[in-house]
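The values are calculated or read from the model by the stated rules, or taken from the named source; none is laboratory data. Bear in mind the structure is a predicted one, so any value in this text is a computation, not a measurement. Here the Cβ is made from the backbone with ideal geometry for all residues, glycine too, and neighbour counts use every protein chain on show.
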Amino acid sequence: MDQPGVCLLAVRAEVRQAGMYLQALRIGVLAAIVFCCGCTTYAQRARQVRDAYEANQVEAAATAAAEALKRDRANADLLKLDRAMIELAAGDAKAAERTLREVRDHFEELEGAGAGAAGSALSYLTDDNRRIYPGEDYEKVLIRAFLALSNLMHDGGDAEAYSLQLIDKQDQIVQAGAEKSGENPKLNYQRVALAPYLRGVLREATHLDYDDAERSYTAVVSWQPSFQAGRFDLDRSAHGQHSSPGNGVLYVFALTGRGPYKEEAVEVPSSVSLFIAGEIVSAVGNQTVPPNVAPVKVPRLVARQSAVQAIGVSAGRQQVGLTETITDVTQLSIQQYEAIYPRIVARAVARRCLKKGLVYGGKEMSGIAKGSLAGLAVDVAGIGWEATETADTRSWGLLPDKIQVLRVELPEGDHDIALQPLSSSGRAIAGAARQRVAIANGRNTYLLASFPESQLVGKVLVSQP
């Protein structure tokens with residue numbers, strides 16, 4: 001046989017030898033593409049829910065959330081979290097509490113089961129979108145914060161218990177963050193001051209447990225030093241006076257701005273390091289590895305711009321104060337997320353190394369010669385496999401930027417309350433939302449309103465007497 005014929009037969013033999021392995025790689029790539037498409041679909045559905053909600057189209061947001069739940073059971077927990085915020089805005093605090101409780105319980109089950117070991121293992125062959133979403137630490141904590149607020153608005157009987165659960169959950173998360181090296185990146189997690197604040201409010205309302213209220217307000221001042229009203233709360237509880245005779249207290253809770261979101265980012269240092277390592281292995285090893293053409297992609301948590309900085313509260317024609325931040329959701333979330341970011345990067349790098357190792361090992365087992373056409377074909381498939389990775393940008397989409405509160409002591413009777421969204425300069429940026437509120441002698445009344453943009457979304461909720 002002539003020389004060209006021999007070469008052609010040799011190439012065909014190499015390709016046949018690598019055929020099974022190439023087929024396995026193709027299946028992996030196709031599976032990854034399917035999972036990526038699923039993730040994109042989730043992102044689109046979540047965006048539809050968010051856009052309708054922020055445009056004050058509460059019914060449309062509820063419909064979009066219900067439709068998304070029918071079509072995407074894999075991400076049901078996140079969709080339910082958004083649904084709970086929609087239910088709260090629609091005035092159904094009881095339904096919101098029920099929905100939040102479902103997600104809280106499921107996240108607890110996932111923690112007990114190792115957050116879905118099968119999905120976690122498979123994610124190393126695709127990307128983290130394959131994992132059962134276990135909830136971020138800040139989300140697990142804030143679920144309990146909104147459970148407390150939801151319960152406060154329709155019943156109030158379990159609000160203190162939810163607050164205590166929140167405090168306990170924070171401690172559990174921090175304790176579970178310890179690494180084998182002895183380091184714990186979660187030790188400096190910012191605490192949610194809303195929890196001890198609500199407990200202090202409820203203890204003070206008994207007109208008896210002022211010592212408990214004082215201890216709770218002490219924690220508030222420690223956890224959220226910028227909350228100036230906390231010092232007045234601490235002083236009032238120390239002197240044991242809930243309100244003057246003939247007066248009651250109105251607590252205005254405002255959910256202002258839009259909370260943080262995840263976006264895909266390229267981890268440049270890790271991408272460069274993998275490129276260098278890959279070149280070294282290809283140069284000195286028995287086989288080449290796919291060149292690091294596809295960058296290492298990771299999710300980053302970023303803040304949104306918020307037009308509303310505070311809510312001006314008026315009773316009748318008199319302004320009685322401005323809401324003040326008791327929990328900065330964006331700051332809390334980003335601070336906690338950045339603490340564990342090195343772990344997220346490490347996971348992405350480990351996945352990329354595993355894929356390269358499988359390509360290298362597969363060529364070794366198949367006996368493919370280094371530098372051969374079959375080896376090149378496998379490397380190309382490996383590049384495609386890596387290129388299908390996308391960062392897991394799933395998150396609780398309808399969180400507010402801040403949870404704010406104002407305590408107002410008012411005479412017993414009915415009052416017309418106006419809520420005016422204000423910019424950082426104190427300028428009104430939209431018309432005021434109005435609500436008539438009944439104040440009872442010596443008792444608390446709670447009001448909750450959401451302002452993700454310049455206007456109120458849904459209804460102003462008032463606690464049931």
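For segment 412-427, enumerate the residues that are under 17 Å from Ser306 (Cβ atoms) and in a loop (DSSP other than H, G, I, E, B). Let's see the steps before the verdict.
Going residue by residue through segment 412-427, those that are under 17 Å from Ser306 (Cβ atoms) are 419-427.
Ser423, Ser424, Ser425, Gly426, Arg427, listed by residue number.
Tally up the residues in segment 412-465 that are among the hydrophobic types (A, V, I, L, M, F, W, C), within 30 Å of Leu208 (Cβ to Cβ) and surrounded by 19 or more Cβ atoms within 10 Å (Cβ to Cβ), please.
Initial filter on segment 412-465 (among the hydrophobic types (A, V, I, L, M, F, W, C)): 417-419, 422, 428-430, 432-433, 437-440, 447-449, 451, 456-457, 460-462.
If we keep only those that are within 30 Å of Leu208 (Cβ to Cβ) as well, we get 417, 437-440, 447-448, 461-462.
Subsequent filtering for residues that are surrounded by 19 or more Cβ atoms within 10 Å (Cβ to Cβ) retains 417, 437, 439, 447-448, 461-462.
Of the residues in segment 412-465, 7 are among the hydrophobic types (A, V, I, L, M, F, W, C), within 30 Å of Leu208 (Cβ to Cβ) and surrounded by 19 or more Cβ atoms within 10 Å (Cβ to Cβ).
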Over 30 Å from Phe227 (Cα atoms) and without any contact (Cβ under 8 Å) to a residue 12 or more places away in the chain: does that describe Ala346? yes
What's the number of the only condition in (1) modelled with pLDDT of 95 or more; (2) assigned to a strand (DSSP E or B) that Glu214 fails to meet? (2)
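To keep it simple, each residue is scored yes or no on (1) touching a residue at least 24 places away in the same chain (Cβ under 8 Å); (2) more than 30 Å from Val308 (Cα to Cα); (3) charged (D, E, K, R); (4) assigned to a helix (DSSP H, G or I).
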{"residue": "Lys356", "(1), (2), (3), (4)": "yes, yes, yes, yes"}
{"residue": "Val359", "(1), (2), (3), (4)": "yes, yes, no, yes"}
{"residue": "Lys363", "(1), (2), (3), (4)": "yes, yes, yes, yes"}
{"residue": "Gly371", "(1), (2), (3), (4)": "yes, yes, no, no"}
{"residue": "Gly375", "(1), (2), (3), (4)": "yes, yes, no, yes"}
{"residue": "Gly384", "(1), (2), (3), (4)": "yes, yes, no, yes"}
{"residue": "Glu389", "(1), (2), (3), (4)": "yes, yes, yes, no"}
{"residue": "Gly397", "(1), (2), (3), (4)": "yes, no, no, no"}
{"residue": "Leu410", "(1), (2), (3), (4)": "yes, no, no, no"}
Just a yes or no: is a residue in segment 30-43 at pLDDT 50 or above, crowded, with 18+ Cβ neighbours inside 10 Å and part of a helix (DSSP H, G or I)? yes
Those residues of segment 428-444 which are part of a strand (DSSP E or B) and under 30 Å from Pro245 (Cβ atoms) amount to Arg434, Gln435, Arg436, Val437, Ala438, Ile439, Asn444
Name, by its number, the condition in (1) at pLDDT 75 or above; (2) surrounded by 18 or more Cβ atoms within 10 Å (Cβ to Cβ); (3) in contact with a Gly (Cβ under 7 Å, 6 or more places away or on another chain) that does not hold for Val289. (1)
Please determine, by comparing only the residues of segment 167-198 that are in contact (Cβ under 8 Å) with a residue 40 or more places away in the chain and farther than 16 Å from Glu136 by Cβ, which one is surrounded by the fewest Cβ atoms within 10 Å (Cβ to Cβ). Asn188
